[in-house]
Amino acid sequence: MNTPTTFEALEDWLAYCERLHPTTIELGLERVRRVARRMQIGFDCPVITVAGTNGKGSTCAMLEAILLQAGYRTGVYTSPHLVRFEERLRLSGEPVDATNLIAAFARVEGARVENGREVSLTYFEFSTLAILEVMAHSNLDVVILEVGLGGRLDAVNIIDPDCAIITSIDLDHTELLGQDRERIGFEKAGIMRTERPVVVSDPMPPQSVLDRALEVGADLWRLGVDFHFSGDKQQWAWSTAPKRGIRRYSGLAYPALRGANQLLNASGVLAALAALRARLPVTAQAVRNGLALVELPGRFQIVAGQPVLVLDVAHNPHAVATLAANLDAMGFFANTHAVMGAMADKDLERMFATLSPLVEHWYFTDLPLARAASAAALQARWRAQNTRKGVSDHTFGNPQEALLAALASADPADRIVVFGSFHTVGGVLQHGLPRLHAKHLNS
C-alpha cells in the first residue's frame, strides 16, 4: 500500500508534482474530481469562473478590485504566475502564505493515495486542488477562478460557478482545443451552467458559444445585446438593456489597466456584478474606486524610466495584435527594442508579422521550459520571414541578459518591450520591478 509523501518546503512539493504524471497536460475531470470528492471540497459563497483566450487575468483583477472596495473577502485563483507560485492565489488581495499551501498540498496527497487507491494527477490538477482547499477554509465571501486551459475539461471546472464569464476567443492551444474559433468556443462554453448567468464579453462570439448557452439553458448576458458600453477620450459609460433592468454607470474613468481592450473586460465585469447583484451588491463608488485602483503586473504594464519599459505577457497572435495596437497608440519613440521568449507551439510567424513593423532591435531569449523555443530557433524563424532592412537581432540565455543587452543599446528616448510568455516577463521581474536608466544618462 502506498503511503502519502510529505515535504516541508513548497518548492519540494512543486517539484514532486512535476514528476507525478506522465504528461504535463491531460484534459479531463474524472481523476481530479475523484480526489476532490475524497477531500469534500466545496463553497457556500458565490463562485465566478472566467474562461477565454485573452483577458482572463484582467477580468479577474477588476472583479477582485471592485469587490474588495465593496468590503468583501475575496479569493482569486489565476495561473500561471510571474515570479512566485504563491501569486496564483490571492486572499483579500494578498498572495497566499506558503505555509497554508504546504499544508494543503499534504491534504491533497493524502486524498490522492487514500486506502491505496492512488490517482495520478498533473502538476496543474494537484496544485489546483491545493489552492481550492485553501480557499474552501478561508471564510471567503466570493471566489473567483480563472480557467487554466479551455474550460470544459479544465480542472477548475469541477466547481460549479454561480456566474461564468467568457472573454475574447481566438486561436491558441489549437492542438488541444481545436483548429478554429468554433471548436475553441465550444470548449470555453463548458463552464456554463443551467439557469445561471454567463457573461460573454467577446463582441463577436463563435456561434458554438451561443448554441451551448441555449442547449444548457444558461442565462446568457451578451455584449451589445444585454449590456453596452461607450466612451470618448476622457471617460466611458456602461449600461444594461431594458430587459435586464436599468443599470447604468456614466462618467467612469478608464480602468487603471492600460489598453483599449480593457473596456471589453471591464464591461463583462460590470455585467457579472449586475447578474449577481442580489447576492453581491456593490455600490457605484466601489465600482469607480475598484477600476481606478486595479493592478495586474505584466498586462501592458508601462514602467517609467529612460528608456520606457513595457511588460506584456502577450503569447498568442490575438494578444500580440492588441499589444501592437497599444504600442502604436503610445506615440513616437526613436527605436523599439523587443525582448522575446516564447513557447515553440505558438503561431510565431503571425506574432512576428504583427509586431515586426514596430521593432528595430530584437533580443531573443531562452526560457527554462522544455516547451519553450530556444533563442536560436526564435531567431531563425524571425529571419525566415523578415523583409525589413537594418533590423538587428541577437540571442541570449535568459530574459535578464536580454534586457541588460537591450538597455546597453538603447537611447533614453527609445522603449524596450518584453513579451511572448509569462516566463519572459517573469524572468525580468525576478529581482523586482526594473527601473531603467540608459547608460547615456550617466556619461
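Residue-by-condition table, conditions (1) buried (at least 23 other Cβ atoms within 10 Å of the Cβ); (2) touching a residue at least 24 places away in the same chain (Cβ under 8 Å):
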| residue | (1), (2) |
| --- | --- |
| ALA338 | yes, yes |
| GLY341 | yes, yes |
| THR365 | yes, yes |
| PRO368 | no, yes |
| ALA380 | no, no |
| THR387 | no, no |
Original post:
Considering the range 260-275 alone, what residues qualify as being buried (at least 19 other Cβ atoms within 10 Å of the Cβ) and outside any helix (DSSP H, G or I)?
Top reply: ASN261
**OP:** Please find, among ALA292, ALA334, the residue that is in contact (Cβ under 8 Å) with a residue 60 or more places away in the chain, more than 24 Å from PRO205 (Cβ to Cβ), more than 16 Å from the chain's Cα centre (by Cα) and surrounded by fewer than 20 Cβ atoms within 10 Å (Cβ to Cβ).
**Re:** ALA334
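For the range 308-317, indicate whether the set of residues that are part of a helix (DSSP H, G or I) and of a type in the set (D, E, K, R) is non-empty.
No - not one qualifying residue is present in the range 308-317.
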Original post:
Any residue at all in the range 206-218 that is in contact with a Gly (Cβ under 9 Å, 6 or more places away or on another chain), in a loop (DSSP other than H, G, I, E, B) and at negative phi?
Top reply: yes
Original post:
Does any residue in the range 231-254 that is over 18 Å from ASN289 (Cβ atoms) come within less than 7 Å, Cβ to Cβ, of a residue that is charged (D, E, K, R) six or more places away or on a different chain, and which pairs are these?
Top reply: SER239/ARG247; SER239/ARG248; THR240/ASP226; THR240/ARG247; ALA241/ASP226; ARG244/ASP226
Subject >> Single residue of GLY217, GLY185 found to be surrounded by fewer than 17 Cβ atoms within 10 Å (Cβ to Cβ) and of a type outside the set (A, V, I, L, M, F, W, C) >> reply: GLY217
Subject >> Only listed residue being under 17 Å from VAL282 (Cα atoms), of a type in the set (Gly, Ala, Ser) and outside the structural domain of ALA325 (by TED's automatic domain parsing), chosen from GLY245, GLY259, GLY251, GLY231 >> reply: GLY245
Subject >> Residues satisfying the stated conditions in the range 78-99, i.e. more than 19 Å from GLY55 (Cα to Cα) and buried (at least 19 other Cβ atoms within 10 Å of the Cβ) >> reply: PHE85, VAL96
Original post:
Only one of ALA36, ALA15, ALA51, ALA61 is surrounded by fewer than 19 Cβ atoms within 10 Å (Cβ to Cβ) and aliphatic (A, V, I, L, M); which?
Top reply: ALA15
Original post:
If you take the residues in the range 359-409 that are under 23 Å from the mean Cα position of the chain (by Cα) and charged (D, E, K, R), which one is farthest from ASN335 (Cα to Cα)?
Top reply: ARG371
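The values are calculated or read from the model by the stated rules, or taken from the named source; none is laboratory data. Just so we're clear, the structure is a prediction, and the values are computed from it rather than from any experiment. No Cβ is skipped: glycine too gets one built from the backbone with ideal geometry, and neighbour counts run over all protein chains shown.
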